[in-house]
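*Asks:* Next up is a structure, given as structure tokens.
Readers should treat all values here as calculations from the given coordinates under stated rules, not as data from a laboratory. Every value quoted in this text rests on a predicted model; they were computed, and no experiment measured them. Methodologically, a virtual Cβ is constructed for each residue, glycine included, from the backbone with ideal geometry; neighbour enumeration extends over all protein chains shown.
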Amino acid sequence: MSEAKQAIFEPRGGESWRDPFGMYRALRDHDPVHHVADNGEGEDYWVLSRFGHIFDAAVDAATFSSASGLTFLYDEMGKLGLESPIVMMDPPEHTSLRKLATKKLTPRQVKDIEPEIRALVVERVNYLREMGEGDIVEELLRPLASFVVAHFLGVPLEDRGRFNRWTDAIVSAAAEGDVLHAGEAVGEMVGYFSQLIEKRRADPTDDMISALLHQRMRDGEEVSLAKILGVGFTMVTGGNDTIMGLLGGALELMTQHPDQRGLLLEEPANMQTAIEEFLRLTSPVQGLARTTTREVELEGKIIPMGRKVMLLYGSANLDEREFGPTAPACDVTRRIRRHLSFSYGPHHCIGAAAARLQSSIALEEILGRCPQFSVDAKAGRYAAGPFVRRYEYLPFFANGAV
């Protein structure tokens with residue numbers, strides 16, 4: 001059997017997320033432009049695994065389009081019966097809407113809610129410290145992510161309970177690539193936000209919905225109800241998965257590498273470089289698809305026009321060709337020029353500043369209040385779905401006793 005044939009891509013989910021890294025290495029080294037055969041329904045696709053190829057595809061939206069969806073499915077948006085959200089648009093429409101949305105998610109805007117984020121984190125970490133142990137996902141990671149998304153969307157405090165229930169259902173369904181599995185939650189959330197949008201139209205506040213309602217696209221048109229709902233759903237799905245995946249993975253890495261935890265305890269100023277290293281190594285969104293708008297030649301292979309191409313961010317972020325021979329190692333002092341955990345180019349994650357702020361606050365407070373903590377990764381349970389690698393359950397021990 002040839003080396004190339006030994007490199008096989010198999011979508012992961014649940015327990016199989018525990019170790020996709022051997023598969024990634026085999027693909028990078030032996031078949032970096034990998035073809036997954038037709039499943040009998042005309043749905044073959046291609047898989048890119050090296051950093052350079054994926055980076056180039058991410059920045060070239062004209063060739064690698066998002067408009068046909070981000071999963072393996074063909075006619076994805078037709079099957080969903082929805083108007084495309086912002087992550088499934090291409091420039092120039094995407095560019096115009098993105099500029100409006102990001103005005104509320106700049107590092108300065110995000111910094112304004114640091115006291116509220118820190119208060120929530122301190123309350124939850126103190127509770128875990130008092131209890132001695134608990135599920136860190138349920139007690140901190142999920143509430144933190146949902147709190148921040150709700151804040152930016154302007155969900156009133158009295159509605160947060162309902163919002164959290166919808167968020168849990170939609171995030172779980174989206175991770176498996178089919179939001180329709182959460183049809184009831186989707187319907188209720190659409191109805192709720194349609195009403196909230198009308199309230200904000202008459203009485204705007206300092207939130208994302210109000211900002212979109214009272215601005216105009218580049219062509220002078222108002223931002224439609226469907227586009228505002230699309231931005232909201234993008235924030236609900238992307239804003240939750242990323243934080244849960246990043247922080248769960250970061251706590252696992254610090255448990256596995258006490259020397260790196262020690263560096264952060266001795267030099268808290270290393271936290272920002274550590275966040276980038278944790279992002280690189282955890283890659284919460286392990287991969288998303290694009291669709292070719294023309295024939296593409298890579299590594300001597302031809303990817304036809306109109307085919308789905310999976311961009312394996314999780315593999316790219318471990319590529320020695322970009323990060324050197326120590327790429328698999330955890331080094332919280334590593335100076336990283338670029339990584340793909342938030343993608344790159346036109347679709348660079350609009351919530352990146354919020355994710356970095358939440359993560360740094362959470363890790364600072366956990367290290368400050370539970371410096372000997374540990375998590376039991378072996379007992380942890382991974383969420384289902386082939387795109388996001390995150391724990392849905394992860395035992396946390398405040399004093400390090402597993």
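*Asks:* Report the charge-dipole magnitude of the chain in Debye, nearest 20, computed about the Cα centre from +1 at each Lys and Arg Cβ and -1 at each Asp and Glu Cβ.
*Replies:* 760
*Asks:* Name the residue from 286, 101, 167 whose Cα lies farthest towards the positive end of the charge dipole of the chain, charges +1 on Cβ of Lys and Arg and -1 on Cβ of Asp and Glu.
*Replies:* Of the candidates, 101 comes out farthest on the positive side.
*Asks:* Lys/Arg Cβ at +1, Asp/Glu Cβ at -1, dipole of the chain taken about the Cα centre: which of 306, 39, 355 is farthest positive-ward?
*Replies:* 355
*Asks:* Taking H as built 1.01 Å from N, whose amide H comes closer than 5 Å to the amide H of residue 288, not counting residues under 5 places away?
*Replies:* 311, 313
*Asks:* Alpha carbon centre of the range 283-307 versus the range 27-65: separation in Å?
*Replies:* Distance between centres, Cα-based: 4 Å.
*Asks:* Ranking request for peptides 12-19, 41-48: highest mean number of other beta-carbon atoms within 10 Å first, then the rest in descending order.
*Replies:* Details: 12-19: 14.9, 41-48: 17.9.
By packing density, highest mean first, the sequence is 41-48, 12-19.
*Asks:* What does the highest-first list of 25-32, 340-347, 307-314 look like by mean Cβ count within 10 Å?
*Replies:* Values: 25-32: 19.6, 340-347: 21.1, 307-314: 24.8.
Highest mean packing first, the order is 307-314, 340-347, 25-32.
*Asks:* Still on this structure: Over the range 3-397, what is the relative contact order in whole percent, taking alpha-carbon pairs under 8 Å and six or more residues apart? Let's see the in-between values first.
*Replies:* On the way: 648 pairs, mean separation 109.2, N = 395.
Answer for the range 3-397 is 28 percent.
*Asks:* So for the chain, taking the charge dipole from beta-carbon charges (+1 Lys/Arg, -1 Asp/Glu), which of 253, 185, 8 sits furthest toward the positive end?
*Replies:* Comparing the listed Cα positions along the dipole, 253 ranks first.
*Asks:* Under a 10 Å cutoff between Cα atoms, tell me which one of 236, 121, 223 has the largest fluctuation in the Gaussian network model of the chain.
*Replies:* 223
*Asks:* Follow-up question, since we're still on this one. GNM, the chain, Cα, under 10 Å: largest mean-square fluctuation among 300, 324, 368?
*Replies:* Result for the chain, Cα springs under 10 Å: 300 fluctuates most.
*Asks:* HN-Hα J couplings of the range 323-334 from phi, Karplus 6.51/-1.76/1.60, θ = phi - 60°, integer Hz, Gly and Pro as x?
*Replies:* 10, x, x, 8, 3, x, 7, 8, 9, 6, 9, 4
*Asks:* How are the Cα pair distances of the chain distributed, in percent, across 20 Å bins from 0?
*Replies:* Histogram of Cα-Cα distances, whole percents per bin: 27, 59, 14, 0.
*Asks:* With a 10 Å radius around each residue's Cβ, average the other Cβ atoms per peptide and rank 317-323, 361-367, highest first.
*Replies:* Values: 317-323: 19.1, 361-367: 20.9.
Output ranking for 317-323, 361-367: 361-367, 317-323.
*Asks:* Mind telling me which of 371, 156, 204 comes out most flexible in a GNM of the chain, alpha-carbon contacts under 10 Å?
*Replies:* 156
*Asks:* Same structure again: Any of 227/308; 104/227; 104/199; 99/308 with alpha carbons more than 21 Å apart? Name them for me. Mind showing how you got there, number by number?
*Replies:* Values: 227/308 24 Å; 104/227 16 Å; 104/199 19 Å; 99/308 27 Å.
As for pairs spanning more than 21 Å Cα to Cα, those are 227/308; 99/308.
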